[in-house]
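To start, the structure itself, in C-alpha cells.
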Amino acid sequence: MELEGKQKPKRKQEDLVLEAKNFFNAYKKELGESVRRDEGVVRLDFQQLQSYSPVLADNILELPEETIAVLELALEEMGLLEKPRVRIVELPKSCNVYIRAIRARHLDKLVAIEGLVRQASEVRPQVVNARFECPNCGAILSVLQIERKFREPSRCSCGWKGNFKLLSKEMVDAQRLVIEESPDTLEGGEQPRRMNIFLKEDLVDIKMEKKTTPGSRVRIYGVLKEVPVPLQTGAISTRFDIALEANNTISMEESFEELEMSDEDEKQILELAADPNIFKRLSQSISPSIYGYEKIKEAVLLQLFGGVKKKRSDGGATRGDIHVLLVGDPGVAKSVLLKYVSTIAPKGRYVSGKAATAAGLTAAVVKDEFLRGWSLEGGAMVLSNKGVVCIDEIEKMDEHDRSTMHEAMEQQSVTISKANIQATLRAETTVLAAGNPKLGRFDPYTPIPQQIDISPALLSRFDVLFVIRDLPNRKQDESVASHVLEEHKQEVIRDVVDSKLLRKYIAYAKQKIKPKLSDEAIEEIKEFYIRLRGQPGRSDSEIKPIPITARQLEGLVRLSEAHARMRLSEEVKAEDSRVAIELLKFSLMQVGYDEETKSFDIDRVTTGVTASKRGKILLVKETLSQLESRLGKLIPLEELERAVEGKMTETELEEAIDQLSKAGDIFKPRKGYLQRL
C-alpha cells in the first residue's frame, strides 16, 4: 500500500516530463532561437505554455520549483542541452504583487514584483551541492545546500555519525539585490518597502549585471522563500524573514540603443523621414501642450538626437551630448517641458534643485550591512547613463553640489574617492536644466550671468542657453490664452507625431546613423566662427570682445550632427550647419550681445564682465598706477575723476572702482581717497 502511495507522484512526474517534451517539440523553432541567443538558457513564454498545456501552467504557479525542475529534466532527456536553465517570461497579471502586499500565502509560489534596485552586492560563489565520503564504509553521500548554513550528512546508511570527509563542492555565482517600490506606485506619504532578492547562475553574468545596477528599474519573477532568523541563544525565531529567489529579471528601462523595433515601425519611421518639413513637425511634437517656443523646442529635439561621440587623435574623447539651459521668468512652462522630456527619453530622470545633493546627482558611498563593508550607490547622472537628466530650479542648488556636475558634463564620468572606494563611473548623460533669475524676474539692463546664480564654469558647459522673458504682448497673449484653455477643455486634437512613434524615431536614428561632417558643412561653420571672432569691436582699450570660443564651435558641430541624424542622413550637409548656426545665433543674441559695442561678446555669458567694461576697469587701474608715481600712496578721488574725464562716464567709473575693490586691488583708507594694495 505504502509502495503504491510512493509511486503515484512518480508516475505523475513522468507524465509531466512527457507533457513537457511534447510541448518543447511543438515549439522547437522558438526554443532553438532562445538557446542560440543565450547559451544554455531557455526563455519560456508562459502564454504559449498555457495555451498548450494548462496542467503544466497551473503547476508552475502552484509548485514552481518542482515544475521548473521537471521542465529542465525534460530538456536534458531530449539531449538538447546540458544543464539547461528555464527562465520564464510574461507571467499572467494575477502574479503581479506589490512588495507591501506580500503575505504568508505567497510563500513557495511564483510571484512578480517591480521596483528600483537600491543596492547590489558583489557577485560571490555559493555552494549548492556538496559530496561527502563516509570514513567507515566509503559510501559517497551528496547533500543539497539550501539554507545559509553549510550542512553535513547527519548519518550514513552503515550507521556512522559525525566527521565525514568532504570530497567536492558544487558552486554557483550568487548576488543579493535590495529592491524598493518605485515612487509612482505609492499613495500619499507612504514609506516605500524593500525586499531582498537572490540571483544565481546566468542572472549574474556581465550582461545582466548592467541591468541590475543601483537605480535601474526592474521586474523580477521568482519564488518567495522564508529565511530563518537566528536568536541570540542559537535557536531559531518563530518569526521568519522573506526573500525572493529570482527565476528571471527583466529590465524595465531601455536606452535608445536597446529599443526594439518591428518592420511596421521601421516603415512608419522612413515615411516620416521622407517629409520635407520633418524638423518642424517633430519639434512641434515636443510638449505640444506648450504654445510657441519654436527655437527652444528645436534645441530640445536636437538634444534628444544628440551628436556623435568621437575619439580624438590623442586618445581622449569628445562628447556627443548636447546640454541645454533655459533661464526664464516664473510661470513660462519650463517645468512642463522638463517633465515631458524626462518621460519621452529613455532613462530620463527629473530632479529638482533644492532636493538634489552632490551625492544624489553623482554617486554616494553607503555602509552595506549585509557584506560588512562599503558599497556604491549611483546618483541621477550615473543612473541615466546614455539618457537625459532634467534638472529643475538649478539656481536653488547648493554651489558645492553644483560643482560636482562639471566633470559629469564635460568628461562624461564621475570619479569618487571616499572611504576605501576609488571608482570612476560612466555618466554619458545629456543635461537639460532650467532656472529662474536671482531676483525672480529678469532685469533687461543687467548682464545675464549676474542675474543667473550659476558659476561661469558651469554656464560655459551648456551648448545652448535660452532666456525666456514673459513680456506682455497682446497678440501673443491671446494665442497663449486660447492654447492653454483649449488644453483644459480636453477635447483638443493636435496634428503632432505621437510620443511613442517619436521615441522610436529617435531610437532608430541613434542606432543606425552616425553622421560625418562634409566639407561644405565644415566650411559653413568655419566661416561663421571666423566672421564672429573677427567682428569689429569698438572698444576704448585695445581689448576686443571675444564673441565665441572653441567650446561653442564644438557645440555647433554637435548640433549639426544631430540635425543630420534627424534627417536620417549619413552626412552633415551645409543645411544642417545652417540650422545649428541659427540656433546658436538666437541663443547668443539673448545672452551674449553687448549693446555698447553692437557685437556678440561671449564674456557676457561666461564672466559677466563685457570686454568693453573690462577695458574700462584696466584703464582705471593704469591711471591709478600713474597717479601713484606722481602723488604717492594716497590718491584723491577727484584726481582720478579728472584723469579719466572724457574716457568714461561717472557711473562707469563707479562700477569700475566697485569691481576693483571687490577683486581686492584697491581700498578706501578714508572718505574721498583711494589706495592700491
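The values are calculated or read from the model by the stated rules, or taken from the named source; none is laboratory data. Just so it is clear, the model here is predicted, and its values are computed rather than measured. All Cβ positions, glycine included, derive from the backbone under ideal geometry; neighbour counts span all protein chains shown.
How many residues are farther than 19 Å from GLN50 by Cα and assigned to a helix (DSSP H, G or I) if we restrict to the stretch 74-106? The total comes to 8. Listed here are the strands (runs of 3 or more DSSP E) enclosed by the stretch 297-397 that have at least 2 residues being among the aromatic types (Phe, Trp, Tyr) and within 26 Å of GLN119 (Cα to Cα), and there are none. With respect to (1) under 22 Å from MET589 (Cβ atoms); (2) in a loop (DSSP other than H, G, I, E, B), the lone exception for ILE493 is condition (1). Tell me yes or no: at least one residue of the stretch 88-100 is of a type in the set (Ser, Thr, Tyr), at pLDDT below 80 and farther than 19 Å from PHE23 by Cα. Yes, the stretch 88-100 contains at least one residue that is of a type in the set (Ser, Thr, Tyr), at pLDDT below 80 and farther than 19 Å from PHE23 by Cα.
Checking every residue in the stretch 506-513 against the condition of being surrounded by fewer than 19 Cβ atoms within 10 Å (Cβ to Cβ) and either in contact with a Lys or Arg (Cβ under 6 Å, 6 or more places away or on another chain) or without any contact (Cβ under 8 Å) to a residue 60 or more places away in the chain (or both) gives at least one match. Residue selection: ARG474 fails the criterion of being touching a Phe, Trp or Tyr at 6+ places or on another chain (Cβ under 9 Å) and either over 19 Å from ARG558 (Cβ atoms) or not assigned by TED's automatic domain parsing to the domain that holds ALA564 (or both).
To keep it simple, each residue is scored yes or no on (1) surrounded by 13 or more Cβ atoms within 10 Å (Cβ to Cβ); (2) within 10 Å of the chain's Cα centre (by Cα).
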| position | (1), (2) |
| --- | --- |
| LEU376 | yes, no |
| LYS386 | yes, yes |
| ASP392 | yes, no |
| HIS406 | yes, no |
| GLN411 | yes, no |
| ASN420 | no, no |
| VAL431 | yes, yes |
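Results for (1) modelled with pLDDT of 80 or more; (2) over 42 Å from the mean Cα position of the chain (by Cα); (3) assigned to a helix (DSSP H, G or I), shown as yes or no for each residue.
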site: LYS613; (1), (2), (3): no, no, yes
site: LYS616; (1), (2), (3): no, yes, yes
site: VAL620; (1), (2), (3): yes, yes, yes
site: LEU640; (1), (2), (3): yes, yes, yes
site: THR651; (1), (2), (3): no, yes, yes
site: GLU655; (1), (2), (3): yes, yes, yes
site: ASP658; (1), (2), (3): yes, yes, yes
site: LYS662; (1), (2), (3): no, no, yes
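So which of SER289, SER262 is modelled with pLDDT under 80 and touching an Asp or Glu at 6+ places or on another chain (Cβ under 8 Å)?
That would be SER289, the only listed residue that is modelled with pLDDT under 80 and touching an Asp or Glu at 6+ places or on another chain (Cβ under 8 Å).
Does GLU72 fit the bill of being crowded, with 17+ Cβ neighbours inside 10 Å, modelled with pLDDT of 70 or more and closer than 20 Å to LEU110 by Cα? Yes; evaluated as a whole, the condition is true for this residue. Within the stretch 318-365, the set of residues being over 26 Å from ILE296 (Cα atoms) and either at pLDDT 80 or above or buried (at least 22 other Cβ atoms within 10 Å of the Cβ) (or both) comprises THR362, ALA363. Here is a check on your reading of the model: is GLN411 in the same structural domain as SER342 (by TED's automatic domain parsing), modelled with pLDDT under 75 and among the polar types (S, T, N, Q)? Answer is no for this residue.
Note on the stretch 41-69: residues that are of a type in the set (Gly, Ala, Ser) and surrounded by fewer than 16 Cβ atoms within 10 Å (Cβ to Cβ) total 2.
Among the residues here, LEU583 qualifies as modelled with pLDDT of 85 or more and of a type outside the set (Lys, Arg). Taken over the stretch 162-181, the criterion of being touching a Gly at 6+ places or on another chain (Cβ under 9 Å) and among the charged types (D, E, K, R) is satisfied by GLU180, GLU181.
Per-residue answers, yes or no, for (1) modelled with pLDDT of 80 or more; (2) part of a loop (DSSP other than H, G, I, E, B); (3) hydrophobic (A, V, I, L, M, F, W, C):
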residue: GLN450; (1), (2), (3): no, no, no
residue: ASP453; (1), (2), (3): no, yes, no
residue: PHE462; (1), (2), (3): yes, yes, yes
residue: GLN476; (1), (2), (3): no, no, no
residue: GLU486; (1), (2), (3): no, no, no
residue: TYR505; (1), (2), (3): yes, no, no
residue: LYS514; (1), (2), (3): yes, yes, no
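Restricting the search to the stretch 107-136, which residues are more than 16 Å from LEU177 (Cα to Cα), assigned to a strand (DSSP E or B) and not β-branched (Val, Ile, Thr)? Once the filter is applied, which keeps residues that are more than 16 Å from LEU177 (Cα to Cα), assigned to a strand (DSSP E or B) and not β-branched (Val, Ile, Thr), the stretch 107-136 yields LEU110, ASN129, ALA130, ARG131, PHE132, GLU133.
Criterion applied to LEU244, LEU270, LEU282 was being at pLDDT 80 or above, in contact with a Phe, Trp or Tyr (Cβ under 8 Å, 6 or more places away or on another chain) and assigned by TED's automatic domain parsing to the domain that holds THR429, and the one residue passing it is LEU282.
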